[in-house]
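Beneath this line is the structure, given in structure tokens, with notes to follow.
The values are calculated or read from the model by the stated rules, or taken from the named source; none is laboratory data. None of these values were measured; they are calculated from a predicted model. Because the Cβ atoms are built from the backbone with ideal geometry, glycine has one as well, and the counts that use them run over all protein chains shown. Surface areas here come from the heavy atoms of the whole protein model, side chains and all, with no ligands, DNA or RNA. Shrake-Rupley method; radii C 1.70, N 1.55, O 1.52, S 1.80 Å.
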Amino acid sequence: MIFISILLLFICREVRNVEIDPSKTIISGPGLKPDKITMRARYIFLQFVDTEGKNLTESPGKDVISVSTQGQTSTGQLCHIWTQILDCKDGNFIVRYKLHSTCFNLKLIIELKQHNSPILSLKAEGPTYEEECYCPNPDINNWLDNFECAKNYTQIHNDLAGFTNVDFDKIREDIVKAYDRPGSVSLCHYVVKSNKIFRECHGKYVGFKIFMDSILLSVTRKVILPDIEFFVNLGDWPLVPKNNKDYPIFSWCGSYDSRDIVMPTYDLTESSLEAMGRVMLDILSVQGNTDTPWEKKIEKVFWRGRDSSRERLDLIDISRKHPDLFNASITNFFFFKNEMDKYGPGQSHVSFFDFFKYKYQLSIDGSVAAYRVPYLLAGDALVLKQESKYYEYFYNDLVPGEHYVLVKSDLSDLVEKIVWAKNHDKDAREIVKSARQFVRNNLLPQNVFCYHVALFYEWSKRLKSKVNVLNNMEEVLQPKHSCKCYNDNIKFNEEL
């Protein structure tokens with residue numbers, strides 16, 4: 001047998017010698033079903049357990065595991081598979097792997113080096129497709145089951161509660177007219193018909209359509225969506241006031257005084273689509289690149305950001321009064337250029353991974369919700385979050401005191417909350433662990449795909465008007481890619 005064997009070494013801090021029981025390792029993740037779940041980067045979580053049956057809570061040391069892969073293309077060539085090992089420093093490891101072509105007889109072996117025996121020996125039952133393959137599952141319920149999606153989404157239920165019988169033939173033109181503000185509003189009208197994507201955009205700044213295009217293209221490569229019609233707000237601000245007509249508008253951010261239908265943000269979605277691709281920062285990479293152990297982190301709040309709200313300037317005032325508690329600076333001035341002399345100068349950007357050299361992280365609204373919250377929760381630091389009327393699609397599932405520390409909207413109790421955290425380090429640490437587990441349960445790429453498909457599926461049930469492609473719409477084409485779809489039972493020569 002010829003194996004493509006890739007050994008990735010992670011340098012991490014040494015802890016007391018711990019004897020790991022490989023047979024008790026807790027293994028999970030969509031990467032365990034590579035022939036059923038297609039992603040650009042498939043991933044597997046490993047929670048190590050010691051010989052006493054206790055979960056490890058610190059890194060077991062460096063060079064712990066090795067990963068080897070095997071498989072062949074349809075022409076009999078060896079599959080090109082890129083693997084990556086991420087040490088989360090909390091007893092968990094993440095193994096990611098990315099295919100560059102359809103792979104048959106895919107095998108993946110993870111070994112614990114000190115035992116020289118497999119923790120996991122995985123063999124795919126059918127062909128394993130790469131991200132660009134257009135081989136959609138014709139049964140959306142089967143796809144949802146394969147992806148292990150949640151059965152119910154409270155936010156989707158709440159957002160769609162007011163839309164039970166939508167007739168776009170009656171409101172389509174009214175929506176366009178209501179938001180015909182080219183300088184301040186950009187809106188795209190989408191139709192998915194026979195699993196093909198069509199759109200027409202309105203407004204001056206429509207560049208962000210690429211993010212909606214990307215998730216729709218990716219999803220329709222994986223599953224056949226029902227025919228649907230919808231409007232997408234390309235800006236950050238929610239568009240539909242609660243005291244106005246109930247126009248159905250899909251947005252990336254919601255608020256308590258609007259009726260927008262909320263989706264995962266373009267930032268979180270892009271990082272989920274492009275993991276191990278053209279983006280470095282994603283929910284999984286954050287967990288594997290926070291190298292400073294909790295007890296060695298700097299006991300200050302770290303914050304960097306634009307001047308996109310008055311409270312961010314207030315933070316600078318507070319931080320200057322309490323330099324022992326803060327490392328906070330504005331990076332760019334746009335909204336308050338006339339106050340640069342007071343709150344500047346603008347500081348250079350800092351690598352997001354370096355944020356977590358500090359024990360406390362602060363989330364303050366910018367123009368709307370701060371879209372970095374998922375990454376802050378994934379990192380190994382305590383998140384202090386400003387009270388806000390704005391929210392992302394998952395905020396209502398977060399619990400103050402369990403996943404983060406709530407701070408008043410005017411930041412008047414911020415110093416008090418930091419002092420509390422310093423004096424209750426054990427409690428703060430438990431909140432950090434809970435937040436990270438929330439991320440692993442709800443905000444990974446698998447969850448982002450599930451949320452979009454569940455939202456589109458539920459939306460399709462509420463459409464009364466027939467879905468048609470309008471004359472002025474353009475088709476959003478799938479990338480040209482020579483990928484053949486195969487019967488799941490097809491087998492190639494296993495004697496590699």
**Asked** Residues SER74, SER66: which one is part of a loop (DSSP other than H, G, I, E, B) and open to solvent by 10 Å² or more (accessible area, probe 1.4 Å)?
**Response** SER74
**Complete:** Among ASP139, ASP90, ASP145, the single one that is surrounded by 16 or more Cβ atoms within 10 Å (Cβ to Cβ) and acidic (Asp, Glu) is ASP90
**Asked** Take the residues of region 325-340 that are outside any helix (DSSP H, G or I), touching an Asp or Glu at 6+ places or on another chain (Cβ under 9 Å) and of a type outside the set (Val, Ile, Thr): which is modelled with the lowest pLDDT?
**Response** PHE335
**Request:** Kindly indicate the residue of region 188-220 that is more than 19 Å from the chain's Cα centre (by Cα) and basic (Lys, Arg) and also most open to solvent (accessible area, probe 1.4 Å) among those meeting that condition.
**Result:** LYS204
**Request:** Please list, ordered by first then second residue, the pairs with beta carbon atoms under 6 Å, 6 or more apart or interchain, first in region 471-482 and in contact (Cβ under 8 Å) with a residue 24 or more places away in the chain, second exposed (fewer than 11 other Cβ atoms within 10 Å of the Cβ).
**Result:** none
**Hits in region 106-116 (condition: farther than 13 Å from ILE81 by Cα and crowded, with 20+ Cβ neighbours inside 10 Å)** = ILE110, LEU112
**Residue match in region 382-389 (condition: in contact with a Gly (Cβ under 7 Å, 6 or more places away or on another chain), open to solvent by 20 Å² or more (accessible area, probe 1.4 Å) and assigned to a loop (DSSP other than H, G, I, E, B))** = no
**Fill in**
Every listed condition ((1) touching a strand residue (DSSP E or B) at 6+ places or on another chain (Cβ under 7 Å); (2) more than 27 Å from ARG429 (Cβ to Cβ); (3) surrounded by 16 or more Cβ atoms within 10 Å (Cβ to Cβ); (4) not basic (Lys, Arg)) holds for THR331 save (3)
**Prompt:** Which of (1) without any contact (Cβ under 8 Å) to a residue 40 or more places away in the chain; (2) within 28 Å of the chain's Cα centre (by Cα) is the odd one out, the single condition ASN423 does not satisfy?
**Reply:** (2)
**Test for PRO127: is it touching a strand residue (DSSP E or B) at 6+ places or on another chain (Cβ under 9 Å) and open to solvent by 60 Å² or more (accessible area, probe 1.4 Å)** = no
**Message:** Being open to solvent by 60 Å² or more (accessible area, probe 1.4 Å), touching a helix residue (DSSP H, G or I) at 6+ places or on another chain (Cβ under 8 Å) and at pLDDT 95 or above: is that true of LYS408 here?
**Reply:** yes
**Request:** Evaluate region 342-359: report whether one residue or more is of a type in the set (Ser, Thr, Tyr), over 20 Å from the mean Cα position of the chain (by Cα) and at pLDDT 95 or above.
**Result:** yes
**Prompt:** Can you name the number of the only condition in (1) hydroxyl-bearing (Ser, Thr, Tyr); (2) in contact (Cβ under 8 Å) with a residue 40 or more places away in the chain; (3) surrounded by fewer than 17 Cβ atoms within 10 Å (Cβ to Cβ) that THR265 fails?
**Reply:** (3)
**Prompt:** What number of residues within region 30-49 are of a type in the set (D, E, K, R) and in a strand (DSSP E or B)?
**Reply:** 1
